[in-house]
Amino acid sequence: MIYVAPSLLAADFANLKADVKRIADAGANYLHLDVMDGAFVPNISFGAPVIASLRPHSRLIFDVHLMIMDPIRYIEDFVKAGADIITIHLESCADPMKAIQAIRAREVRCAMAISPATPVEKLIPFLPHLDMALIMTVVPGFGGQALIPETLEKVRTVKRYADSHGLNLDIEVDGGIKPENVGLTTAAGANIIVAGSAVFGSKQPRTVIEDMRKSAAEHPYQA
Ligand code: DX5
Ligand code: ZN
């Protein structure tokens, strides 16, 4: 079973409420919320007030991807805004374990992300403390980029580690994923699939999501 998490970054920002309903009706499982601060990444997107405004209008799982420096400063804000999952970047934390503990102290799922330039070995020690690992398949900052195939080996490494250590860990992939290449990510072990432009950018999001599920089912993980 895979979960499809369309990224709000590719939504119509003048019609967020209606656009979120459109992708929920199309069968999305999660809503992926890309928060960018113009410092950790070169782009600025939106923050907790936008998430809080959408919360009463959607029952989707709010999957908040924090691409911000020192995210520990804002954990409380995003919990209050209605996050169900909070993802921090390993690269953005002065003390990653402290940030993990700050998230785990709340009633939310805790995840850690690594950018393409970060070796997966740096993430491994944190896996036992996480509900989800996010392997970035593009350099974070912008939607609409092409998936970097070399990142998929990291998915495989995390999956192998999780299975061999009995961890109940979700593995999310994010960036450049569409029906044509989603099978590469599921075959490597991913089970939560972010897709921004492919889903929000489509006039037929239901078909796109169905095609992604179909391709995922045809390309299951093989150890
Ligand atoms: C990139 C973001 C992604 C992005 C995905 O920094 O984390 O979530 O919006 O968009 P697509 O699917 O268009 O690559
Ligand atoms: Zn993201």
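Data table
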| quantity | calculated |
| --- | --- |
| Of I72, G141, G27, farthest towards positive along the dipole that unit charges on Lys, Arg, Asp, Glu beta carbons give the stretch 24-172 | I72 |
| Taking the C-alpha atoms of the chain, convex hull volume expressed per residue in Å³ | 108 Å³ |
| Set K98/K154; K98/K178; K21/K122 screened for pairs whose C-alpha atoms are more than 32 Å apart | K98/K178; K21/K122 |
| Approximate spin-label separation N15-M97, in nm, with each point projected 7 Å along Cα-to-Cβ | 5.0 nm |
| Listed residue (I44, P179, A94) projecting farthest to the positive dipole end of the stretch 3-218, Cβ model | P179 |
| For the chain: accessible area per residue (Å², 1.4 Å) | 44 Å² |
| Heavy-atom accessible surface of the chain: percent carbon and sulfur, 1.4 Å | 53 percent |
| Electrostatic dipole magnitude of the stretch 17-101 [Cβ: Lys, Arg +1; Asp, Glu -1; Cα centre; debye, to 20] | 360 debye |
| Table column - 3J(HN,Hα) (Hz), the stretch 109-123, Karplus curve with 6.51, -1.76, 1.60, x for Gly and Pro | 7, 10, 9, 10, 10, 10, 7, x, 6, 8, x, 5, 4, 6, 7 |
| Dipole in debye (nearest 20) - the stretch 3-218, about Cα centre, beta carbon charges: Lys, Arg +1; Asp, Glu -1 | 380 debye |
| Stokes-Einstein diffusion coefficient of the stretch 113-184, Kirkwood radius over Cα pairs, 20 °C, 1.002 mPa s, in µm²/s | 171 µm²/s |
| By average C-beta atoms within 10 angstrom, highest first, the peptides 176-183, 64-71, 88-95 | 64-71, 176-183, 88-95 |
| Relative contact order %, the chain, counting alpha carbon pairs below 8 Å whose residues are six or more apart | 20 percent |
| Backbone HN-Hα couplings from phi across the stretch 87-100 [Karplus 6.51/-1.76/1.60, Hz, Gly and Pro as x] | 10, 10, 8, 3, 6, 9, 9, 5, 9, x, 5, 5, 5, 4 |
| For the stretch 1-31 and the stretch 81-143, distance of Cα centres in Å | 22 Å |
| For L134, residues with placed amide H under 5 Å, excluding near neighbours | M112, A113, I114, E172 |
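The values are calculated or read from the model by the stated rules, or taken from the named source; none is laboratory data. Every value quoted in this text rests on a predicted model; they were computed, and no experiment measured them. Neighbour counts are summed over all protein chains in view; Cβ atoms, including those assigned to glycine, are modelled from backbone coordinates with ideal geometry. Accessible surface areas use protein heavy atoms only, side chains included; no ligands, DNA or RNA. Shrake-Rupley method; radii C 1.70, N 1.55, O 1.52, S 1.80 Å.
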